[in-house]
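Worksheet: the structure to be examined is printed underneath.
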Amino acid sequence: MLARYSESPYQLTRRFASTAMQQVNGIVAQWMRSAGMTVRTDAVGNLIGRYEGTHSGARTLLLGSHLDTVIDAGKYDGIFGVLAALACVERLQQEQRRLPFAIEILAFADEEGLRYNYAYIGSKAVAGTFDCRALTLTDANNLTMSEAICAFGGDPAILRQGRPYWSPADLIGYYELHIEQGPVLEVLDLPVAIVSAISGQSRLRLEFLGQAGHAGTVPMSLRSDALCAAAEFILAVEAIASAESGLVATVGKLTVQPGAPNVIPGQVTLSLDVRHQEDRIREQACRDLHILALELAEQRNVSLVWEEIQASRTVPCSPRLIDQLQKALVNVNQTIQFLPSGAGHDAVAMSDLTEVAMLFLRCRGGISHHPDEMIKQADVEIALEVTEQFLSLLAEQEECR
Ligand SMILES: [Zn+2]
């Protein structure tokens, strides 16, 4: 139903601080209130619902995910995590049950970073790690982030203070349900998996520089073909990643210059994306690939530019919370399966504030960021049961504190 609230009538696109986001926030806020929650919208436009615990002064468990989408998105990325958390609170309210901790549902205003090319705006604001220089970034219509936040009813001045919303001692942790966005659970024929860690990532930019020349007059033996070097490198990337369990490496973008049918390629620029849930393995893979690229360049008489654009460390999920999730799976007769998350999530930004845990839900064909995104009702029911068990186990622990 929420997929109707889009910036386009033909596809689902819901950017940060858009009218569509305003509408969705309004509806989810109503649902939160019906579930007995008090609701507020924070300075950046996150919608936050609070379900009180048994006593005042109780700690808080944060549940959440994001309500923004990519362009032409699916219906479940992000939204599923918010609504699944809400369904659990609804059941607590129906049973007139209070836990020895408060629950806050965080419906983040931006995770994808679509509008300002700056990801995790919502969760970074909560964690107090939002970089206020981003307020001057402009969108496609030249509207600054600061202006968009004001128009949405937020307050950039509060953001500039950069304060986390909680002191870590008052929190039990952050838990996020999310669709897997990959095909592994479907292959394993399992409905859910515990996320072991959110994989670190290296993004690099490479250039092979050879000598452009006439495709008809330069003999093969006298060429310095930059594309041939790049082609060998790309296949080596595939081979090296395939040889290491859990390692994924991708060349997703390739620019060939001069780029004419009758000219030998003189310059090739390519992107390289490397991920693994252990930083040590990712970093070693990058070093190995660098050496290999240098060797290939030498063999083919071209030069190499190797530039690291960005590197992010792996965010491990909390062993304490994972322990309880494992017990929850056992209690509802589900197979325990761990998966690393190759994609980033709000839990990455939230890990600066508190311990994090995630549960992945199977999605059809592993398809995501696409209108064909699909999940099964029966899987959702299992994910909710696991989460309810998880809450009960945390409640037992909290009572023993
Ligand atoms: Zn997401």
Original post:
Any residue in the range 169-176 that is assigned to a helix (DSSP H, G or I) and more than 19 Å from R15 (Cα to Cα)?
Top reply: yes
Subject >> In the range 104-123, the residues that are farther than 26 Å from A58 by Cβ and not aromatic (F, W, Y) >> reply: A109, D110, E111, E112, G113, L114, R115, N117, A119, I121
**OP:** Out of S392, S341, S318, report the one residue that is within 16 Å of the ligand (Cβ to nearest atom) and either under 19 Å from the mean Cα position of the chain (by Cα) or not aromatic (F, W, Y) (or both).
**Re:** S341
**OP:** Give the number of residues within the range 177-196 that are among the aliphatic types (A, V, I, L, M) and either within 13 Å of the ligand (Cβ to nearest atom) or outside the structural domain of S341 (by TED's automatic domain parsing) (or both).
**Re:** 3
Original post:
If you take the residues in the range 312-345 that are touching a residue at least 24 places away in the same chain (Cβ under 8 Å) and more than 22 Å from E278 (Cβ to Cβ), which one is surrounded by the fewest Cβ atoms within 10 Å (Cβ to Cβ)?
Top reply: T335
Subject >> Out of F101, F108, sole residue that is in the same structural domain as S351 (by TED's automatic domain parsing) and within 16 Å of the ligand (Cβ to nearest atom) >> reply: F108
Original post:
Could you say whether any residue in the range 279-289 is surrounded by 13 or more Cβ atoms within 10 Å (Cβ to Cβ) and not in a helix (DSSP H, G or I)?
Top reply: no
Original post:
For the range 361-382, does any single residue satisfy the condition of being touching a strand residue (DSSP E or B) at 6+ places or on another chain (Cβ under 8 Å), under 23 Å from Q201 (Cα atoms), among the aliphatic types (A, V, I, L, M) and within 16 Å of the ligand (Cβ to nearest atom)?
Top reply: yes
Original post:
Can you pull out the residues in the range 351-360 that are buried (at least 22 other Cβ atoms within 10 Å of the Cβ) and either within 13 Å of the ligand (Cβ to nearest atom) or among the charged types (D, E, K, R) (or both)?
Top reply: M358, F360
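Condition check: within 16 Å of the ligand (Cβ to nearest atom), assigned by TED's automatic domain parsing to the domain that holds E385 and not acidic (D, E). Does N46 satisfy that? Full working, then the answer.
Details: within 16 Å of the ligand (Cβ to nearest atom): yes; assigned by TED's automatic domain parsing to the domain that holds E385: yes; not acidic (D, E): yes.
When the stated conditions are applied, N46 passes them.
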**OP:** Would you mind telling me which numbered condition in (1) crowded, with 16+ Cβ neighbours inside 10 Å; (2) at pLDDT 95 or above; (3) touching an Asp or Glu at 6+ places or on another chain (Cβ under 9 Å) Q201 fails?
**Re:** (2)
**OP:** Examine the range 120-143 for a residue that is within 16 Å of the ligand (Cβ to nearest atom), in a loop (DSSP other than H, G, I, E, B) and at pLDDT below 95, and state whether such a residue exists.
**Re:** yes
Original post:
Can you name the condition, by its number, that P164 falls short on among (1) assigned to a loop (DSSP other than H, G, I, E, B); (2) at pLDDT below 95; (3) within 21 Å of the chain's Cα centre (by Cα)?
Top reply: (2)
**OP:** Go through the range 229-248 and give me each residue that's buried (at least 19 other Cβ atoms within 10 Å of the Cβ) and touching a Lys or Arg at 6+ places or on another chain (Cβ under 9 Å).
**Re:** A229, L247
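The values are calculated or read from the model by the stated rules, or taken from the named source; none is laboratory data. Just so you know, these numbers come straight off a predicted model, no measurement behind them. A quick note on method: Cβ atoms are made from the backbone with ideal geometry, for glycine too, and the neighbour counts reach across all protein chains shown.
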